[in-house]
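What follows is a set of notes on a single structure, which appears directly below.
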Amino acid sequence: MPKVSRKGQAEVLNQEQLTQLWAELNFPHSLIAQLAYYTGSRISEVCSLKIEDISAGQVVVRQHKTDRTKEVVMVPRLKAAIAQAQMPSSGYLFPAAKWTRATVKQYRIQRQANGDYYFARVGERPPRQHISTRAVDKALRKASDLLGLEGVSTHTFRRSLATHLYDAGVPLRQIMAITGHASLASLTSYLNLEQRAAGDALLGFFAE
């Protein structure tokens with residue numbers, strides 16, 4: 001689902017909207033969305049979580065974009081959501097559906113000496129072991145449409161948590177430790193703080 005809100009960033013939802021969206025989503029998409037929110041992680045990172053990544057009241061998240069690992073404490077609401085779900089005993093937390101666990105053959109168009117073209121097999125891609133972000137995106141799109149929520153994407157949950165923490169007065173460096181942003185500059189841009197500050201300044205200047 002594309003990011004369609006201001007500056008191409010995903011829409012930020014309030015707590016009521018998040019609760020409605022999670023209720024509309026089915027398992028495992030609902031739990032994936034809650035994990036993304038409560039750990040401030042990307043959907044792709046949540047989809048690839050393994051059973052051993054959740055232990056001792058923490059979630060260990062491997063960040064694909066920065067090649068780093070972060071540990072996020074599990075809040076009571078997340079613990080309750082996980083406890084209510086039927087999870088596998090080992091392996092990936094959200095394994096791929098059986099029909100998607102197939103080796104994908106890869107081909108490339110080749111040109112023969114006489115000018116004709118043909119498909120030549122150049123290799124194969126191993127089967128996917130965990131649920132895809134595309135599957136989560138599809139479920140999220142359907143649920144958002146039913147609820148009349150606009151601008152929602154798979155990035156919404158991470159950005160919503162960062163915004164909620166900032167609005168609650170949590171220092172930026174602590175938010176950065178939770179979301180795993182590489183720098184304060186990237187987090188500031190992610191939260192769109194410059195535009196928000198400019199709007200507050202304008203409203204304050206013309207306040208009655």
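A short reminder: the numbers here are calculations on the coordinates, not readings from a lab. This structure is a prediction, so every number in the text was calculated from the model and none was measured. All Cβ positions, glycine included, derive from the backbone under ideal geometry; neighbour counts span all protein chains shown.
Overview of results
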quantity	calculated
Cα-projected label distance for SER55 with ARG134, points at 7 Å along beta-carbon direction, nm	3.4
Degrees between helix 29-39 axis and first principal axis of the chain (Cα, 0 to 90, nearest 10)	50
Ranked list, fewest to most other Cβ atoms within 10 Å of each Cβ, for VAL60, VAL12	VAL60, VAL12
Residue order, fewest to most beta carbons within 10 Å, for ARG42, ARG128, ARG196	ARG196, ARG128, ARG42
Burial order of peptide ranges 139-148, 76-85, 111-120, 28-37 (average beta-carbon count within 10 Å, highest first)	28-37, 139-148, 76-85, 111-120
Rounded to 10°, Cα long-axis angle of helix 133-147 versus longest principal axis of the chain	50
Point-to-point label distance, TYR118-ALA177, nm (Cα→Cβ direction, 7 Å offset)	6.2
Relative contact order of the chain, pairs being alpha-carbon contacts under 8 Å that are 6 or more residues apart, as %	28
When each of LYS50/LYS142; LYS70/LYS142; LYS98/LYS138; LYS65/LYS142; LYS65/LYS98; LYS70/LYS138 is checked by Cα-Cα distance, pairs over 25 Å	LYS50/LYS142; LYS70/LYS142; LYS65/LYS142; LYS65/LYS98; LYS70/LYS138
Derived scalar couplings ³J(HN,Hα) [the stretch 42-59; Karplus, 6.51 cos²θ - 1.76 cosθ + 1.60; whole Hz; x for Gly, Pro]	6, 4, 4, 6, 6, 4, 9, 5, 10, 4, 6, 6, 10, 6, 6, x, 9, 10
C-alpha long axis of helix 156-167 to longest principal axis of the chain, angle in °	20
Neighbour-count ranking [beta-carbon atoms within 10 angstrom, fewest first] of HIS130, HIS181, HIS64	HIS64, HIS130, HIS181
